[in-house]
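Only one structure is covered here, and it is reproduced in the block below.
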Amino acid sequence: VVVSVVAICIIAIGALGYFVIHPQVTQYIQEQENQEKADRVINLINSVTSGEITLNSEKDLDSAKTEYNSLNDDQKALVDNYGKLEEAYTTLDGLKVEQENQEKAQSVIEAIEAVDSESLTDSDTSIQDIRDQYDSLTEDQKKLVTNADKLTEYEGIVQEKKEEKAEQEAQAQAESNSREEINDMF
């Protein structure tokens, strides 16, 4: 009797357009949906991390991270390769630092190369400006400046010119003093 009452209720509910789904079936359907969404992100992460990570990889990595972030907590728990994405971001960050270091070092290299050693004077401040720029670099950046020895050479030239000028001024002063002494004698 109970079975027939349940069957009549199911038929009556079915006739009205409603179906009663057992909770375990609902749970199974949800788990399948979660796995499908997680698998999509897993495949995306595998795709963007399978090759070499370059500075151009950022857009693809961001896309995978956005997809991952759009998952709910149950779906995120199913993504077993998220660590690969994090490693890729670490690699990308390292590449960005290397690029920044190279750009800053290149700026100093170009400034040193632009110096005309023949036109350096005792009052030249451009060499000190380049030295200040070089000194502001990190140790890793300084290692990339391949012509730092030229900077030291140019500093030596400027120093020599300053010493020559000081010597000439001292000699001119001495001559002036001698003339004054001679004039005072007469």
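The values are calculated or read from the model by the stated rules, or taken from the named source; none is laboratory data. Model, not experiment: these values are computed from the prediction. When we count neighbours, we look across all protein chains shown, and the Cβ atoms used for this are built from the backbone with ideal geometry, even at glycine. Remember, those area values only see protein heavy atoms, side chains included, never the ligands or the DNA or RNA. Shrake-Rupley method; radii C 1.70, N 1.55, O 1.52, S 1.80 Å.
Inclusion of Asn101 among residues that are within 30 Å of Lys150 (Cβ to Cβ), in contact with an Asp or Glu (Cβ under 8 Å, 6 or more places away or on another chain) and assigned to a helix (DSSP H, G or I) is warranted. State which residue is surrounded by the fewest Cβ atoms within 10 Å (Cβ to Cβ) when the search covers only segment 83-131 and only residues that are among the aliphatic types (A, V, I, L, M) and under 20 Å from Glu163 (Cα atoms). Ranking the qualifying residues of segment 83-131, first place goes to Leu120.
Here the condition is being in contact with a Lys or Arg (Cβ under 8 Å, 6 or more places away or on another chain) and more than 30 Å from Ser70 (Cβ to Cβ); of Leu137, Leu85, it holds for Leu137 alone.
In segment 132-172, the qualifying residues are those that are over 19 Å from Gln106 (Cα atoms) and aliphatic (A, V, I, L, M), and the one that is surrounded by the most Cβ atoms within 10 Å (Cβ to Cβ) is Val158.
On the basis of being of a type outside the set (Phe, Trp, Tyr), under 30 Å from Thr49 (Cβ atoms) and either open to solvent by 70 Å² or more (accessible area, probe 1.4 Å) or out of contact with any Cys (no Cβ under 8 Å at 6 or more places or on another chain) (or both), does Asp80 make the cut? So that I can check it myself, show each step before the final result.
Values: of a type outside the set (Phe, Trp, Tyr): yes; under 30 Å from Thr49 (Cβ atoms): yes; either open to solvent by 70 Å² or more (accessible area, probe 1.4 Å) or out of contact with any Cys (no Cβ under 8 Å at 6 or more places or on another chain) (or both): yes.
Taking the combined requirement at face value, the residue satisfies it.
Restricting the search to helices (runs of 4 or more DSSP H) fully inside segment 114-186 and requiring at least 2 residues that are of a type outside the set (Asp, Glu) and farther than 30 Å from Leu95 by Cβ gives 126-135, 148-185. Based on what the data block shows, is Glu153 without any contact (Cβ under 8 Å) to a residue 40 or more places away in the chain and under 52 Å from the mean Cα position of the chain (by Cα)? Spelling it out, Glu153 is indeed without any contact (Cβ under 8 Å) to a residue 40 or more places away in the chain and under 52 Å from the mean Cα position of the chain (by Cα). Taken together, the criteria exclude Val41 from residues that are of a type in the set (A, V, I, L, M, F, W, C) and either at pLDDT below 95 or open to solvent by 50 Å² or more (accessible area, probe 1.4 Å) (or both).
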